[in-house]
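**Student:** This structure is in structure tokens; I'll ask about it shortly.
The values are calculated or read from the model by the stated rules, or taken from the named source; none is laboratory data. Since the model is a prediction, treat every value here as computed from it, not as a measurement. A quick note on method: Cβ atoms are made from the backbone with ideal geometry, for glycine too, and the neighbour counts reach across all protein chains shown.
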Amino acid sequence: MGRLKKFLIFILVINILVFYSCEPGELQLKIDEIIFENGKNEFDQKTLYLRAKNPQNIPQKAKKRKDTLIIGMPSPNEIFNPVFAVAANDVDINDSMWAPILEIDGNGNILDGIAYMPEIFEETNTYVFTLKENLKWQDGTPLTSYDIEFTFKVLMDKTYTGTFERDNFDIVGWENYRDGITPNIEGFKIIDDRKFSITFNSLNSKKNYYFERIKPLALHVYGVDYVQGQANQLEKYNKSPFGNGAYKFVEYIDGEEIRLVSNEHYYKGQPKIPNLIFRIVNENNQLSLLENGDIDMIRKNVLVVQENIEILDNMGFVEAAITDYLGYGYIAINHNETIMQDKNLRRALVYGLDRQTIVDVCFGGFGRVIDIPQNTNSWVYPDDENFTKYSYDPEKAKELLNESGWVVGSDGIREKDGQKLVLKFLASTPNEVNDILISIMLENYRRIGIEVVVEQMESKTLLQKQNDAKEGKYSYHLAFLFTPFANPDPDSSSRFSTNGPSNRIAYSNEKVDKLLEEALSEKNETKRKNLYGELYKELSDDLPYIFLFEKMNMDVYSSKVKGMENISLYRWFTKDLEKLYFE
């Protein structure tokens, strides 16, 4: 008791920051030192915290705002429903209004949520859950097993449009419910108001993680008009959410902000900050809004680069938490387009793109080029890195294009069978990474005889365009996206399997399907890792995407906000809003 705990001071040296110039080969180097403090709690010892050196500099506007926390973030897709949400910004907002069945701790392990950890009967593939006592919805109505059953009916409904992996979840009888053959899901049984069981056709290594994604829907609200086969009708509630989480919905001002108030019925206790606002901000002015006191926090939208860190440090009153990021950036390839089915062309696009310069310009020393869809910090990342690695090699790219019959025309653009090699690239805006990526990509691809036409749009429009393209209603070739991982499990069936719910690029590879299925069902960790090694080898060779980078994440906040501790790669502050407070 009372003994001082030693903690590390991590001196972070940003050795190189590369600024891209219009003049090929012109680089500017800058060296600087920034001091961060390592976390000293159970889960955050690898997290780097920038501490306020002049906390007295908090803007008066922010000081006077004593009952409201304002978080700046990019525009959401406005799907305020945890069952249907796809975009990361919507997920963050929904996390504040819903609590899941199970949670993930700071080490990436599953633990109790609104239910205790299940009792598992492997001989029958059955999980038995018990809900915690006195759970309530935001209006004080008890939360029961009947709400959980209703939620699963929505997830298994024929018209469900979210990304939940129903095939891999594989609850007994889910297909019969989907197809309207049975009025209930055979594998879901209500034992009593607080107890229910779920029986699966088989168990797999990812099963527990699914329950962190499942946040219940209130039967007495969402279920009033629900008819089997018409779950898509619940979209009418997307802008009037009703949950069981730390905060409850008050108002959504279209395109501006979503206003919430603390939930007195939250099972972990009512949050200390009465009001919460998610304000939509532009990347171009978000730091100014923070400096002026118009917002208190910026959620994962400030690039971890020297320039931004220096700006934050100079403000004096600002703090930040930097962690690795579960996820990666990539250029999606639309495999519905005939020319994109040529692997030589796909490989040429990787060899012909200077990905290292893109990463250096975007992230300085805080990013890394990747060749597979997995973070280097994952336990499943191949130790031998036995997969295809692509360097920047324009001559190799030209060779591959020549092999496929793409001949350079008089204007320098390649053509084949009378068709010019012109690719449509979809870019979300505003997006700092896209701005850098596009300028480099246009120059790189022009050099190897490919013309790129850029179409800029909001991120939610881009996702819709991808869905339309998969159905043959729209045409594009490439699109830049960043995918956050839903949980630490390495399964990527939803993204790369032929019928995966997040496979918006029409990618199909029988070997990939087989490896994904085998790896998901394998329980031995060593054997599972080996299977993923084979999967990554195949994906790096076949290229469903142009894999770009992994990066770090930075949450930025005013020093007036307390309780921002124990943040890690696997758990961030939106999971623990009830712990935040103002001095």
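**Student:** Looking at Pro488 and the list (1) assigned to a helix (DSSP H, G or I); (2) out of contact with any Lys or Arg (no Cβ under 9 Å at 6 or more places or on another chain); (3) at pLDDT below 95; (4) surrounded by 18 or more Cβ atoms within 10 Å (Cβ to Cβ), which single condition is not satisfied?
**Tutor:** Here Pro488 meets the rest and fails (1).
**Student:** Can you pull out every residue in segment 368-419 that is aliphatic (A, V, I, L, M), part of a loop (DSSP other than H, G, I, E, B) and farther than 30 Å from Lys523 by Cα? Even if it seems obvious, please write down each step before you answer.
**Tutor:** So in segment 368-419, the residues aliphatic (A, V, I, L, M) come out as 369-370, 372, 380, 397, 400-401, 407-408, 413.
Pick out the ones that are also part of a loop (DSSP other than H, G, I, E, B) and you get 370, 372, 380, 413.
Matches in segment 368-419: Ile413 only.
**Student:** Next up: Which residue pairs have Cβ atoms under 6 Å apart, sit 6 or more places apart or on different chains, and have a first residue in segment 324-348 that is over 20 Å from Ala397 (Cβ atoms) and a second that is in a strand (DSSP E or B) and among the hydroxyl-bearing types (Ser, Thr, Tyr)?
**Tutor:** Final answer for the pair search is Gly327/Thr483.
Here's the yes/no breakdown for (1) surrounded by 18 or more Cβ atoms within 10 Å (Cβ to Cβ); (2) basic (Lys, Arg); (3) within 29 Å of Arg571 (Cα to Cα):
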site: Ser428; (1), (2), (3): yes, no, yes
site: Met441; (1), (2), (3): yes, no, no
site: Glu455; (1), (2), (3): no, no, no
site: Lys473; (1), (2), (3): no, yes, no
site: Ser493; (1), (2), (3): yes, no, yes
site: Phe496; (1), (2), (3): yes, no, yes
site: Gly500; (1), (2), (3): yes, no, yes
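**Student:** Would you be able to tell me the number of residues in segment 299-327 that are part of a helix (DSSP H, G or I) and in contact with a helix residue (DSSP H, G or I) (Cβ under 7 Å, 6 or more places away or on another chain)? Give the derivation first.
**Tutor:** The first filter runs over segment 299-327 and keeps only residues part of a helix (DSSP H, G or I), leaving 306-315.
With in contact with a helix residue (DSSP H, G or I) (Cβ under 7 Å, 6 or more places away or on another chain) added as a condition, the list becomes 306, 311, 315.
Adding up the residues that qualify gives 3.
**Student:** May I pose another question? For Leu463, which of the numbered conditions (1) closer than 18 Å to Ile372 by Cα; (2) part of a helix (DSSP H, G or I) fails to hold?
**Tutor:** With respect to (1) closer than 18 Å to Ile372 by Cα; (2) part of a helix (DSSP H, G or I), Leu463 is out only on (1).
**Student:** In segment 87-138, how many are under 20 Å from the mean Cα position of the chain (by Cα) and hydrophobic (A, V, I, L, M, F, W, C)? Break it down into steps so the answer makes sense when it comes.
**Tutor:** Initially, segment 87-138 is screened for residues under 20 Å from the mean Cα position of the chain (by Cα), giving 87-110.
When the remaining residues are screened for being hydrophobic (A, V, I, L, M, F, W, C), the result is 87-88, 91, 93, 97-99, 101-102, 104, 110.
Within segment 87-138, residues that are under 20 Å from the mean Cα position of the chain (by Cα) and hydrophobic (A, V, I, L, M, F, W, C) number 11.
**Student:** Evaluate the following for Thr161: is it hydroxyl-bearing (Ser, Thr, Tyr), in contact (Cβ under 8 Å) with a residue 12 or more places away in the chain and part of a strand (DSSP E or B)? Spell out how you get there, then give the answer.
**Tutor:** Values: hydroxyl-bearing (Ser, Thr, Tyr): yes; in contact (Cβ under 8 Å) with a residue 12 or more places away in the chain: yes; part of a strand (DSSP E or B): no.
For Thr161, the condition - hydroxyl-bearing (Ser, Thr, Tyr), in contact (Cβ under 8 Å) with a residue 12 or more places away in the chain and part of a strand (DSSP E or B) - is not met.
**Student:** Could you tell me which residue of segment 161-176 is farthest from the chain's Cα centre (by Cα), considering only residues that are more than 26 Å from Lys236 (Cα to Cα) and either among the aromatic types (Phe, Trp, Tyr) or modelled with pLDDT under 95 (or both)?
**Tutor:** Of everything passing the filter in segment 161-176, Asp170 is farthest from the chain's Cα centre (by Cα).
**Student:** Let me ask another. Tally time: how many residues in segment 78-122 are out of contact with any helix residue (DSSP H, G or I) (no Cβ under 7 Å at 6 or more places or on another chain), over 24 Å from Leu219 (Cβ atoms) and in a strand (DSSP E or B)?
**Tutor:** Qualifying residue count for the region: 4.
**Student:** A further question follows. If you scan segment 325-337, which residues turn out to be at pLDDT below 90 and closer than 25 Å to Asn285 by Cα? Can you show your working first?
**Tutor:** Of all residues in segment 325-337, those at pLDDT below 90 come to 325-326.
Of everything in segment 325-337, just one residue is at pLDDT below 90 and closer than 25 Å to Asn285 by Cα, namely Tyr325.
**Student:** Can you pull out the residues in segment 550-568 that are hydrophobic (A, V, I, L, M, F, W, C), crowded, with 22+ Cβ neighbours inside 10 Å and farther than 22 Å from Asp294 by Cα?
**Tutor:** The one that is hydrophobic (A, V, I, L, M, F, W, C), crowded, with 22+ Cβ neighbours inside 10 Å and farther than 22 Å from Asp294 by Cα: Ile567.
Quick grid of which residues meet (1) of a type in the set (Val, Ile, Thr); (2) modelled with pLDDT of 95 or more:
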{"position": "Asn499", "(1), (2)": "no, no"}
{"position": "Ile505", "(1), (2)": "yes, yes"}
{"position": "Lys523", "(1), (2)": "no, no"}
{"position": "Glu534", "(1), (2)": "no, yes"}
{"position": "Lys537", "(1), (2)": "no, yes"}
{"position": "Asp542", "(1), (2)": "no, yes"}
{"position": "Ser559", "(1), (2)": "no, yes"}
{"position": "Glu565", "(1), (2)": "no, no"}
{"position": "Glu578", "(1), (2)": "no, yes"}
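**Student:** Further question on the same structure: If you check every pair at least six apart or on different chains, which have Cβ atoms under 6 Å apart with a residue in segment 528-545 that is under 26 Å from Leu478 (Cα atoms) and not assigned by TED's automatic domain parsing to the domain that holds Lys206 first and a residue that is acidic (Asp, Glu) and at pLDDT 95 or above second?
**Tutor:** Listed pairs, sorted by first residue: Ser540/Asp371.
**Student:** Can you name the residue in segment 210-244 that is part of a loop (DSSP other than H, G, I, E, B) and among the β-branched types (Val, Ile, Thr) and is also farthest from Asp147 (Cα to Cα) among such residues?
**Tutor:** As a first pass, look at segment 210-244 and keep what is part of a loop (DSSP other than H, G, I, E, B): 214-218, 223-230, 238-244.
From the residues that got through so far, the ones that are among the β-branched types (Val, Ile, Thr) too are 214, 224, 227.
On the way: Ile214: 12, Val224: 12, Val227: 15 Å.
That would be Val227.
**Student:** Next up: With Lys248, Lys206, Lys189 as the choices, which residue is farther than 27 Å from Thr574 by Cα, of a type in the set (Lys, Arg) and not assigned by TED's automatic domain parsing to the domain that holds Phe496?
**Tutor:** Values: Lys248 fails: farther than 27 Å from Thr574 by Cα; Lys206 fails: farther than 27 Å from Thr574 by Cα.
Checking each option against the conditions leaves just Lys189.
**Student:** Only residues that are within 15 Å of Lys153 (Cα to Cα) and either hydroxyl-bearing (Ser, Thr, Tyr) or in contact with a helix residue (DSSP H, G or I) (Cβ under 7 Å, 6 or more places away or on another chain) (or both): list them for segment 189-199, please. Give the derivation first.
**Tutor:** First, the residues of segment 189-199 that are within 15 Å of Lys153 (Cα to Cα): 189-190, 196-199.
Within segment 189-199, Ile190, Phe196, Ser197, Thr199 qualify.
**Student:** Continuing with this model, one more query. Among the listed residues Lys514, Lys523, Lys560, identify the single one that is within 25 Å of Ile101 (Cβ to Cβ) and of a type outside the set (Gly, Ala, Ser). Explain how you work it out, then say what you get.
**Tutor:** Values: Lys514 fails: within 25 Å of Ile101 (Cβ to Cβ); Lys560 fails: within 25 Å of Ile101 (Cβ to Cβ).
Only one candidate qualifies: Lys523.
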